[in-house]
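The structure under discussion appears below in the form of structure tokens.
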């Protein structure tokens with residue numbers, strides 16, 4: 001397949017070069033190699049152009065991939081039209097440690113995993129099991145190749161740019177259409193060049209390159225642009241180091257980022273058992289690098305050029321709450337004091353798709369080894385997230401994990417976990433301010449632990465490891481000293497130069513991949529019609545050609561509005577396969593310009609800001625979402641909300657009246673009171689009281705066991721009570737009314753008599 005791509009690219013580039021009659025950047029070469037024929041005859045720089053491209057492969061993760069597979073099933077095809085893989089990495093929550101967290105995730109998400117596995121098997125896609133690793137690391141290890149074009153349903157798909165591939169994060173519709181054989185549509189990007197000279201030394205790492213660039217360009221500075229790194233300094237960075245840089249191009253809004261093919265990429269390809277691709281890349285090297293004239297006069301061929309001297313680049317730290325708030329670590333302590341940041345670090349985290357390479361873990365281990373020799377342990381929890389099972393098993397074999405554990409580290413699952421809000425922190429009190437440091441890629445409010453008061457700072461893995469030993473943001477490992485148990489002061493040395501690939505080779509992970517079925521017609525894709533996780537899609541009615549008009553504006557996003565603000569991660573990730581429920585998450589992280597509140601919409605009928613949502617279910621497999629108004633007067637410990645009853649729940653109670661919802665959350669319990677009033681008189685009241693207990697295996701088992709009996713007991717009690725109310729006390733029944741929204745539509749259109757609502 002790769003050789004076919006190179007041959008086609010060579011033909012297309014020749015045509016494109018003849019049209020432009022000038023040297024070409026690497027970006028232009030790869031795009032030209034994948035353009036539909038009609039666009040090879042256009043000067044795409046002259047005006048704003050949308051182009052059609054033919055990607056080489058598609059990658060899906062388990063959250064966004066659900067909707068993609070549901071959409072693809074609507075295409076009516078028997079198989080995907082290009083190589084596609086599905087990776088189970090987002091739904092594994094970080095609770096205690098890797099093995100138990102993965103097992104629990106498989107139990108909790110079994111329905112989703114089975115759907116993804118069977119749909120992949122039936123429609124010709126490869127399936128990577130939970131625990132196999134994070135999508136971007138697995139793709140880098142197995143599928144990425146220089147000069148290729150890939151799209152993926154995750155914003156950090158550009159990670160593959162570290163191996164010379166244009167890899168772009170896209171929405172589910174783009175992926176589904178491409179899998180169905182349609183071309184991929186892209187606004188032809190601008191080009192930003194980053195010229196690298198010199199060579200990194202000391203504490204400086206590839207991470208610091210992108211942190212510096214983020215500070216220069218801001219979170220939107222790369223919008224509709226491909227960032228192309230080049231220059232003599234580029235060849236000094238390992239393939240996985242390059243991937244760290246391209247991964248975080250998403251943080252500055254870039255379409256993607258890319259490095260030219262070099263010996264470092266060749267080394268990585270051969271180390272991951274892809275010698276044949278390395279040989280092809282060497283044969284077609286001129287297609288995988290910019291023309292020589294580009295480097296000599298980059299301003300002529302790029303829309304913007306940034307120059308970085310790697311020899312003088314300091315280690316950087318960005319944050320909190322945004323990846324473009326950058327400064328050298330030498331200035332961090334002053335920023336902490338000037339901005340009243342919480343100096344004491346609560347947790348330090350390294351790894352993830354961005355920084356869990358063999359080189360990264362070796363350099364972090366080098367820092368930990370120094371502390372180990374002096375009997376110094378991390379002052380705070382240090383959590384490690386391996387990017388893949390291949391990485392985890394390799395650094396376990398070679399001792400990096402053991403060294404990091406010796407200073408108190410805990411190894412989490414090979415999954416996204418704390419990077420995307422899949423991180424349980426029961427030790428935090430409600431509203432508690434705290435600081436964390438990570439080597440991850442994104443740090444918007446609520447991103448890591450769902451707590452908007454968590455101040456999250458990003459640095460390289462080796463700097464984060466050092467900060468875990470120091471315990472505070474103001475600790476500068478380049479200048480400050482650590483104290484041993486006997487009072488001796490020591491200063492950490494820069495981490496040793498680490499091998500970019502293991503000398504003994506990578507450990508090949510087993511039982512992590514399921515290929516497509518050889519008999520797809522025998523595979524059945526099951527979707528429970530009553531599932532609250534998956535919802536089979538039905539085609540929309542044909543568009544009548546008319547746009548909606550005079551729509552009310554309920555929310556206008558203010559300030560930064562990224563994917564994290566549009567559809568926050570965390571607990572909502574479990575609903576990404578259910579369109580109705582997923583829609584309730586829309587813009588919950590955005591700041592409303594009408595009120596400066598987060599995730600609150602303006603009711604244009606009442607001119608009030610609405611916030612809290614309550615979902616009510618009845619015994620007819622129906623549900624209704626109440627958006628609650630601002631709280632009424634209540635105690636300082638609780639919040640009260642009122643709402644007109646709009647949903648039929650019980651056959652013994654009509655739909656008239658008003659609900660009063662009261663919520664009370666303390667450090668030890670959650671209490672919910674719901675009272676139905678009619679004519680200002682209470683009709684019925686119910687209460688829920690839940691104790692907040694630590695999430696342990698024992699408590700989880702006891703809770704599950706209790707839940708089974710509780711459901712059975714409650715159901716029998718409901719039936720018994722219903723029998724008494726109707727047959728003994730002769731309580732009248734209320735017919736199930738027409739849903740309120742349907743009633744309004746019917747009355748307005750004059751066909752109320754045509755609606756048939758069964759008696760329940």
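Figures for the structure shown
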| item | result |
| --- | --- |
| For 51, 514, 209, 173, order by how many other beta-carbon atoms lie within 10 Å, fewest first | 173, 514, 51, 209 |
| Residues 564, 584, 62, sorted so that the one with the fewest Cβ neighbours within 10 Å comes first | 584, 564, 62 |
| Per-peptide average of other Cβ atoms within 10 Å, ordering 674-687, 464-477, 77-90, 263-276 highest first | 464-477, 77-90, 263-276, 674-687 |
| Two-site FRET efficiency, residue 187 against residue 307, from Cβ-Cβ distance with R₀ of 30 Å, rounded to 0.05 | 0.65 |
| Packing-based order for 397-410, 214-227, 147-160, using average beta carbon neighbours within 10 Å, highest first | 147-160, 214-227, 397-410 |
| Compactness of segment 175-229, expressed as Rg and Dmax over alpha-carbon positions, Å | 16.3, 49 |
| Segment 467-559: Cα Rg divided by the 2.2 N^0.38 Å rule of thumb | 2.41 |
| 10 Å-binned pair-distance histogram of segment 2-309 (Cα, whole percent) | 6, 27, 35, 23, 8, 1 |
| Residue exposure sequence - 541, 491 - by fewest surrounding Cβ within 10 Å | 541, 491 |
| Computed [θ] at 222 nm, deg cm²/dmol, the chain (DSSP H ≥ 4; -39,500 (n - 2.57); rounded to nearest 500) | -8500 deg cm²/dmol |
| Cα centroid separation - segment 342-373 against segment 246-278, whole Å | 23 Å |
| Measure of compaction for segment 31-121 (Cα Rg per 2.2 N^0.38 Å) | 1.55 |
| Where the Cα pairs of segment 405-547 fall when distances are cut into 10 Å bins, in % | 8, 20, 24, 21, 14, 8, 3, 1 |
| Cβ crowding within 10 Å averaged over residues, with 650-663, 25-38 ranked highest first | 25-38, 650-663 |
| Global geometry of segment 316-490, whether rounded, prolate or oblate, following the gyration tensor of its Cα atoms and the 1.5 cut on a/c | oblate |
| Euclidean distance between Cα centres, segment 151-202 to segment 456-534, Å | 23 Å |
| When the convex hull of its Cα atoms is projected in every direction, mean area for segment 203-279 (nm²) | 5.5 nm² |
| At R0 = 45 Å, FRET efficiency that the Cβ-Cβ distance of residue 700 and residue 646 yields, to 0.05 | 0.80 |
| At 0.692 mPa s and 37 °C, Stokes diffusion of segment 209-329 via Kirkwood alpha-carbon radius, µm² per second | 211 µm²/s |
| Length added when fully stretched, residue 689-residue 519, from 0.36 nm per residue minus Cα-Cα | 56.1 nm |
| Segment residue 593-residue 282, length gained on full extension (0.36 nm per residue, minus Cα span) | 106.6 nm |
| Orientation-averaged projected area, Cα convex hull of the chain (nm²) | 37.2 nm² |
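Values in this text are rule-based calculations from the coordinates and carry no lab data. Note that this is a predicted model, so its numbers are computed, not measured. Note: ideal-geometry Cβ built from the backbone for every residue, glycine included; neighbour counts use all protein chains shown.
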